[in-house]
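Structure record follows, encoded as structure tokens.
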Amino acid sequence: MKKHTTIGKFIYWIGFFMCMSGLGTSLGPLNYNSFIPNKSAALIYIFIGTAFLLTSNFFKNRTNR
């Protein structure tokens, strides 16, 4: 099984937190305590976070097994 490199883990966690903050703002719990100004910006955060999550899969160690 391939494991993420350090940069892959970093990209994954950035994407994860962007997705969660976007979902929290768009669904309501983080409506007033968020740094995201409105719900349309929250959708952008969700899409960018998802793209980061998918991109992090390309940064994996290669093994010759």
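The values are calculated or read from the model by the stated rules, or taken from the named source; none is laboratory data. These numbers were taken from a predicted model, which means no experiment stands behind them. Don't worry about glycine lacking a Cβ; one is built from the backbone with ideal geometry, like all the others, and counts go over all protein chains shown.
For beta carbons closer than 8 Å, sequence separation of 6+ or different chains, a first residue in the stretch 12-24 that is over 14 Å from ALA51 (Cβ atoms) and a second that is outside any helix (DSSP H, G or I) and modelled with pLDDT under 90, the qualifying pairs are SER21/LEU30; SER21/SER34; SER21/PHE35; SER21/ILE36; GLY24/LEU30; GLY24/SER34. Each residue in the stretch 35-65 was checked for being at pLDDT below 80 and buried (at least 17 other Cβ atoms within 10 Å of the Cβ), and 1 pass.
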